[in-house]
Structures are given as C-alpha cells and as structure tokens.
Amino acid sequence: MQKPIITVVGSFAVGMTIRTSRMPIFGETLIGSDFDMGPGGKGSNQAVAVARLGADSHFVAIIGDDKLGEIGTDLYVLEGVNTHHVKKTSELATGVGFIILDQSGRNGIILDMSANRLMDAAFVDLAEDQIAHSQVVMSVLEIPVAAAARAMALGRKHGVLTVLNPAPAVQLNDQIIKNVDVITPNETELRILLGLAPDDSTSTRELAYRLKDIGAKNILITMGEQGSLVLTQNEEVQIPAVAVDVVDTTGAGDSYNAGLAIALAEGKDIVTAARFAACTGALACTHLGVIPSLPTRASVEELYQKSFK
C-alpha cells in the first residue's frame, strides 16, 4: 500500500526536561533528576510521529540557524521527515521549551517559540503545492494563528482533510473553525477556544456542542483518564482511555494527533481513527521524553488489538 502523504505546518523547539518531587514555588530551589534535552515542538513531534507510523511526512516550519536548530534537522534525516519547506533563519534563535515533571508523570511547560513566530500566511503559501498533494494537512497553535489558519484554508481549498490541534489554545474566529475537518482540543483548550475561563464549570459535552454549532465538523475532546469524546455531525461516541503504566505524559497529545491523522489518511472512519489515536497517545506515556516515546506502527497495532478487538 502506498504511504499516505501528511503535511504538518507547525513548530520546532528544543525541549529541556527535568523531573522533581513536586512543582517548585517562586523563590524555591529543588533538586531534580533525569535531565534530558532533545527535539520538541508540537508540529515537529507530530511530523516525526506520523513518519514513524508509516506516513510520507512533510514538515513546514522555521528554525534558527544555530546549534539547537541542527538538533531538528539531524532528527528529520534519521526519521525520514521531508524538510523541503523547513527554513533556517538568523533573525531569531531556535525555539526552546522547559518541562518540569513530577513523580506521577504530570508536567508543566514554559515555551519561548522564538523563530516559530516568524511564520505567517505568506510563508505557508510557499507550501501550497505540497499541501494540495497531501491526504491530510495538520497544524498547531505554537505558531502564529495566521499561519495555522492559512494551512487549514489551503487544505479546504484543495479538498485535503484538515486537522487542527489547538494547543496552546486561544480563542479562534468562526471562519478558522469552519475550515477545520477535525479539531482536537483537550478539556481546558475547549473552554479557551470558546472564550471561557480554563476552569469554566460548564460540562465538556455541552461545550462540545457549542463548538459544533459554530461550524466545527468533527470534534475530538481528549479527557485524560476519562478517554475522549467524539462528536460528529451525526453521532456522539465516548472512547475509553487505554490503560498503560504512565511514566511521562508530555508527548501524549502529539502522538494522539499523529495516530488520528494517519488513520484518517488511510481511510478509516472517525471513531476507528479515534480508537487508534487513543492507542498511540497511551503508548507515548510509557517512556521518558517525547521522541523516544513516539510509538511504532507495530506496537500501536498490537495495543489496538488488545484494547478494541
């Protein structure tokens, strides 16, 4: 079978991770362990993840022309990610992220997206031909909204399935949402998308229907241990979480979105794709670090058979 073509318009940053007994408070110094530095950024992670799952992966991004940027380009050679539309710039440094993990695997993250901020609609237009020849185009919100919105609009223009992982979340205008075939917020991001407080007490199900009323076609709300909610034009389905031994949840969302995208690119229906994504997201929680945790196709297929067959 020919590999599906998936184009990711997104972000690259170098992640620096350290584990502590708990999150520090301001003014406090804690002793940590398990320091790790490596490639990250939601777009980059998803581009690598879909390649590892068997897609012909193309990445559209801007990175710094510096040593940290080379961490990304070296990774893409290793993983087989096409970088024709990855631009190096001397204007800003490569993005960085600082990740603190507690003992249960929960994380807090601080980002400086730096060179990613240079992406705009005109830059994405340079990749229009690539997007037009894809089965799926994906984007995230670690890049300027205008760039992510343009990726979705170009996908819609050329009849390509559009997937938006709205993280980190901001409130989006209705037209952007209408250009998205599948949107994948978590419960907090869902509230922010709708202009609400992150901890708004309205039920997640009710808010999902509000998003549908705006024009979202297929909504997948990830809910951690409670699984995910799939809401389409015709059905509402609850997908249970897949039980694994959690070590680090940092890459779970990126792995989930990659699994979803490749399943959809291969023609699977939205519910089957969400179940496949639940397995890819779960497996990403079983190892420390994002890139080492992104699963292979064989491992996902095995977990899928155990969990949903």
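For segment 83-143, which strands (runs of 3 or more DSSP E) that fit wholly inside it have 3 or more residues that are within 20 Å of Glu70 (Cβ to Cβ)? Explain how you work it out, then say what you get.
Values: elements: 95-101, 107-112, 136-140.
Filter on segment 83-143 gives 95-101.
Can you tell me which of Thr250, Thr272 is of a type in the set (Ser, Thr, Tyr) and without any contact (Cβ under 8 Å) to a residue 40 or more places away in the chain? Break it down stepwise before answering.
Values: Thr250 fails: without any contact (Cβ under 8 Å) to a residue 40 or more places away in the chain.
The unique qualifying residue is Thr272.
So that you can scan it fast, the table gives a plain yes or no per residue for (1) farther than 24 Å from Gln130 by Cβ; (2) surrounded by fewer than 19 Cβ atoms within 10 Å (Cβ to Cβ):
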{"position": "Gly38", "(1), (2)": "yes, yes"}
{"position": "Gly43", "(1), (2)": "no, no"}
{"position": "Lys67", "(1), (2)": "yes, yes"}
{"position": "Glu70", "(1), (2)": "no, yes"}
{"position": "Leu78", "(1), (2)": "no, yes"}
{"position": "Lys88", "(1), (2)": "no, yes"}
{"position": "Asp112", "(1), (2)": "yes, yes"}
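Do we have Pro185 as touching an Asp or Glu at 6+ places or on another chain (Cβ under 7 Å) and either surrounded by 14 or more Cβ atoms within 10 Å (Cβ to Cβ) or within 29 Å of Ile62 (Cα to Cα) (or both) here? Quick ask: steps written out before the conclusion?
Values: touching an Asp or Glu at 6+ places or on another chain (Cβ under 7 Å): no; either surrounded by 14 or more Cβ atoms within 10 Å (Cβ to Cβ) or within 29 Å of Ile62 (Cα to Cα) (or both): yes.
No; evaluated as a whole, the condition is false for this residue.
Hey, among the residues in segment 158-171 that are of a type in the set (A, V, I, L, M) and under 17 Å from the mean Cα position of the chain (by Cα), which one's farthest from Ile270 (Cα to Cα)? Even if it seems obvious, please write down each step before you answer.
At the first step, the residues of segment 158-171 found to be of a type in the set (A, V, I, L, M) are 160-161, 163-164, 167, 169-170.
Adding the requirement that they be under 17 Å from the mean Cα position of the chain (by Cα) leaves 161, 163-164, 167, 169-170.
Numbers: Leu161: 12, Val163: 12, Leu164: 14, Ala167: 21, Ala169: 23, Val170: 25 Å.
Here the answer is Val170.
Take Leu164 and decide whether it is assigned to a strand (DSSP E or B), in contact with a Gly (Cβ under 6 Å, 6 or more places away or on another chain) and in contact (Cβ under 8 Å) with a residue 24 or more places away in the chain.
Numbers: assigned to a strand (DSSP E or B): yes; in contact with a Gly (Cβ under 6 Å, 6 or more places away or on another chain): no; in contact (Cβ under 8 Å) with a residue 24 or more places away in the chain: yes.
So Leu164 does not fit the description; no.
Which of the residues belonging to segment 204-230 are surrounded by 20 or more Cβ atoms within 10 Å (Cβ to Cβ) and either among the charged types (D, E, K, R) or in contact with a Phe, Trp or Tyr (Cβ under 7 Å, 6 or more places away or on another chain) (or both)?
Thr222
Look at segment 246-301 and say how many of its residues are out of contact with any Phe, Trp or Tyr (no Cβ under 7 Å at 6 or more places or on another chain), hydroxyl-bearing (Ser, Thr, Tyr) and closer than 14 Å to Val50 by Cβ.
Here the count works out to 3.
Of these, Val8, Val60, Val14, Val50, which one is closer than 27 Å to His84 by Cβ, of a type outside the set (Lys, Arg) and not in a strand (DSSP E or B)? Before the answer, list the steps.
Details: Val8 fails: not in a strand (DSSP E or B); Val60 fails: not in a strand (DSSP E or B); Val14 fails: not in a strand (DSSP E or B).
So the residue among Val8, Val60, Val14, Val50 that is closer than 27 Å to His84 by Cβ, of a type outside the set (Lys, Arg) and not in a strand (DSSP E or B) is Val50.
May I ask you to list the residues in segment 289-309 that are more than 11 Å from Val244 (Cα to Cα), among the aliphatic types (A, V, I, L, M) and buried (at least 16 other Cβ atoms within 10 Å of the Cβ)?
Val290, Ile291, Leu294, Val300
Every number here is computed from the coordinates shown, using simple stated rules; none is lab data. What you see is a predicted model; the values in this text were computed from it and never measured. Using ideal geometry, Cβ is built from the backbone for each residue, glycine included, and neighbour counts are taken over all protein chains shown.
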